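What follows is a short report on a single structure.
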Amino acid sequence: MTDIFTKEKRSWVMSRIKSESHLESKFASLLRKSKISFERHPKILGRPDFRIRDKKTVIFIDGCFWHMCPKHYVEPKSKRYFWERKIKENTTRDRKVNKKLRIEGYKVIRIWEHDIKKDPENVLRKIIKYIR
Ligand SMILES: [Zn+2]
């Protein structure tokens, strides 16, 4: 398969992916500290980042770019058509996944990357309140 990205673009994409998975690990250790038992990336629809099985809750951490955060999404300068289509597909899929999981009885929590960056403890507090 040929790489659809230029070298620069590739490293930009990779850095976004890395920063997201880094946030995810940090948040996982917070969850652990608060004695919430969870699984990471359970093999269910939408591949949520976390599942709290005994509360039938799933948590997604949404990257500001990939999921078109209203505050931070910036239109890429190159390959605009490609990105626009890709990100629209993501947001459409997010909605479908939410709906299906809710039908299956899950509480679905979506957290923006920027909220976790800013104040992870606050995010955790809100989650605990919500699932209690
Ligand atoms: Zn954002």
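The values are calculated or read from the model by the stated rules, or taken from the named source; none is laboratory data. The structure displayed is predicted, hence computed values, not measured ones. We place every Cβ from the backbone using ideal geometry, glycine too, and count neighbours over all the protein chains shown.
Before we move on, is residue 96 in a helix (DSSP H, G or I) and more than 13 Å from the ligand (Cβ to nearest atom)?
yes
Regarding residue 39, is this residue more than 19 Å from residue 102 (Cα to Cα), acidic (Asp, Glu) and surrounded by 11 or more Cβ atoms within 10 Å (Cβ to Cβ)?
So residue 39 does not fit the description; no.
Can you tell me which of (1) within 13 Å of the chain's Cα centre (by Cα); (2) among the basic types (Lys, Arg); (3) on the phi < 0 side of the Ramachandran plot is the one residue 55 doesn't meet?
So the condition that residue 55 fails would be (1).
What number goes with the only condition from (1) in contact with a helix residue (DSSP H, G or I) (Cβ under 6 Å, 6 or more places away or on another chain); (2) within 16 Å of the ligand (Cβ to nearest atom); (3) not in a loop (DSSP other than H, G, I, E, B) that residue 64 does not pass?
(3)
Condition first: part of a helix (DSSP H, G or I) and either within 16 Å of residue 57 (Cα to Cα) or more than 16 Å from the chain's Cα centre (by Cα) (or both). Now tell me which residues in the stretch 72-93 satisfy that.
80, 81, 82, 83, 84, 85
I'd like to know if the stretch 73-87 contains one or more residues that are within 16 Å of the ligand (Cβ to nearest atom), within 30 Å of residue 6 (Cβ to Cβ), at pLDDT 95 or above and surrounded by 15 or more Cβ atoms within 10 Å (Cβ to Cβ).
Within the stretch 73-87, not a single residue is within 16 Å of the ligand (Cβ to nearest atom), within 30 Å of residue 6 (Cβ to Cβ), at pLDDT 95 or above and surrounded by 15 or more Cβ atoms within 10 Å (Cβ to Cβ).
Can you tell me which residue is modelled with the lowest pLDDT among those in the stretch 102-132 that are acidic (Asp, Glu) and more than 16 Å from the ligand (Cβ to nearest atom)?
For the stretch 102-132, the residue satisfying everything is 121.
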